[in-house]
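Encoded as structure tokens, the structure appears first; notes follow it.
Only the coordinates and a few stated rules stand behind these numbers; no lab work does. Values in this document were obtained by computation on a predicted structure and should not be read as measured data. Note that we place each Cβ from the backbone using ideal geometry, even for glycine, and neighbour counts take in every protein chain shown.
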Amino acid sequence: MNKAKVFYASARVHKWKQEDSLPGKLERLLSIAELDKRFEKDEWVAVKTHYGSHGAHRIVRPVFLRKVTNALKSAGAKPIVVDTVRLNGYDYLEVANQNGINPLSVGAPVILADGLFGRDNILVKAGRILGEVAVASFIHDVPAMVVCSHIKGHINAGYAGAIKNLAMGGVSAQHRTCGWKCGRGAMHSIGEGKLFWDEEKCQLCYQCEEVCPLECISFEEGKKFVYADERCWRCGRCTRVCPGEAIMHEQADPEEFLRSLTEAAAAVLSTFKPGKVLYINFLTEIQPECDCMPGADVPMVQDQGILIADDLAAIEQASMDMIKAAGPLPGSAASDKGMKKGDDILKELHKRDYEIQVQAAVELGLGTREYEIVNV
Ligand code: SF4
Ligand code: SF4
């Protein structure tokens, strides 16, 4: 297979001109992408991003989304900025608003692709691990998409980029009939997925109670873990914040989790015709954790810039390689752990063999790990 082209604009600014700013360089990247040749006049194009959380502000900044929607409109298409429900829909739109994502700032409608209740979705065949997944109905039906992914770490995935944006972000939390079992919770809880609590390991920090979006967790008399299994949609937030592995999903299998992410991403992509999805990875404010967490730590490596490509595996591999090549920033979670330049920061931090995601993407026909960087 030929090398895939990955177009790259560095975050460094060498001239004090708008064209040399990162937003200015994104305009150049988008002009190279020839949007008018890939999207039809008046075609609806989803601009898939992550709206963040009440405390996680390090997302793809609205200025970049605006550049994308402007370029799409100049190409004659009709952009719509989308994400799927993470908290409840009403509160999640408020999160988008407070993080600066609204129709005025991004120049396009800002919607929830699976509706305010997060149940507008359509079952799509996935594969060996997941069977089928509930793809957000708007993403299922829209003919084209630009996947704008903020690159960062992730406690379960190690690395979170475009594959995770498609998988966790293109699939709803739950479905009307099969609940979390065909939602994104099916990825978090490979196996049966019930939570168990280990009293001896619990430090009674109550962070799990704090982060649960559905108030499934409480502590009887401040000591005994009480868990509403029937309400839990297996989002995995509680297990992620637990400092002592005191709550875990039964049969958690990190490798299957990584493969399931790519399987779900492939299911989402199967709803598009070839050539109708473009990827933009933003290697900015590369923090240790996911944008859905209640806070965003300081970046671990310096901003690298923006990558744009047609090839999912290639853009993910290129993003991973850039982070590997960058040294840890002082005062960050990486330098706290004594990491130095040359260390695989995300692997050391999260103890996950995160490149399995890309290997799985190649196996599922979603591109190649062989790429060529084209500097813009
Ligand atoms: S996985 Fe944990 S945080 Fe998520 S809904 Fe279930 S109990 Fe709440
Ligand atoms: S986050 Fe973990 S350690 Fe803290 S209260 Fe919950 S189970 Fe216990």
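From the C-alpha coordinates alone, can you work out the Kirkwood hydrodynamic radius of region 191-249, in Å?
Hydrodynamic radius (Kirkwood, Cα pairs) of region 191-249 is 11.4 Å.
Could you work out [θ]222 nm for the chain from helices alone, using -39500 (n - 2.57) per DSSP H run of at least four and dividing by all its residues? Round to the nearest 500 deg cm²/dmol.
Calculated from helices alone, the mean residue ellipticity at 222 nm is -8500 deg cm²/dmol.
Less than 23 Å apart at the alpha-carbon level, and either on another chain or at least 8 residues along: which lysines does that give for residue 224?
Within the straight-line cut-off, residue 224 pairs with 194, 201.
Please compare each pair in 48/340; 3/276; 78/152; 5/273; 15/73; 78/351 to a cut-off of 31 Å on the Cα-Cα distance and tell me which ones are over it.
Among 48/340; 3/276; 78/152; 5/273; 15/73; 78/351, the Cα-Cα distance tops 31 Å for 48/340; 78/351.
On C-alpha positions alone, give me the angle between the axis of helix 22-32 and the longest principal axis of the chain, in degrees, nearest 10.
60 degrees
Just the number, please: percent antiparallel of the DSSP beta bridges in the chain, rounded to the nearest 5.
Taking every DSSP beta bridge within the chain, about 55 percent pair in antiparallel fashion.
Tell me, how many Å apart are the Cα centres for region 262-295 and for region 36-109?
So the separation of the two Cα centres works out to 14 Å.
Provide the packing ranking of 350-359, 300-309, i.e. peptides ordered by the mean count of other C-beta atoms within 10 Å per residue, highest first.
300-309, 350-359
Where a ≥ b ≥ c are the square roots of the eigenvalues of the C-alpha gyration tensor, would you call region 180-219 rounded, which needs a/c under 1.5, or, failing that, prolate if a/b is larger than b/c, or oblate?
Taking the square roots of the gyration eigenvalues as a ≥ b ≥ c, region 180-219 is oblate.
Using a Cα-Cα cut-off of under 16 Å, which aspartates and glutamates could be cross-linked to residue 25, ignoring same-chain neighbours fewer than 8 residues away?
Partners found: 34, 303.
Given +1 on the Cβ of Lys and Arg, -1 on the Cβ of Asp and Glu, and no further charges, what dipole in debye does region 191-249 carry about its Cα centre, rounded to the nearest 20?
In total the dipole reaches around 200 debye.
Could you list the trypsin sites (Lys or Arg not before Pro) in region 15-112 that lie in coil according to DSSP, counting only those with at most 15 other Cβ atoms within 10 Å of their Cβ?
15, 17, 41
Viscosity 1.002 mPa s, temperature 20 °C: Stokes-Einstein D of the chain from its Kirkwood Cα radius, in µm² per second?
The estimated diffusion coefficient comes to 103 µm²/s.
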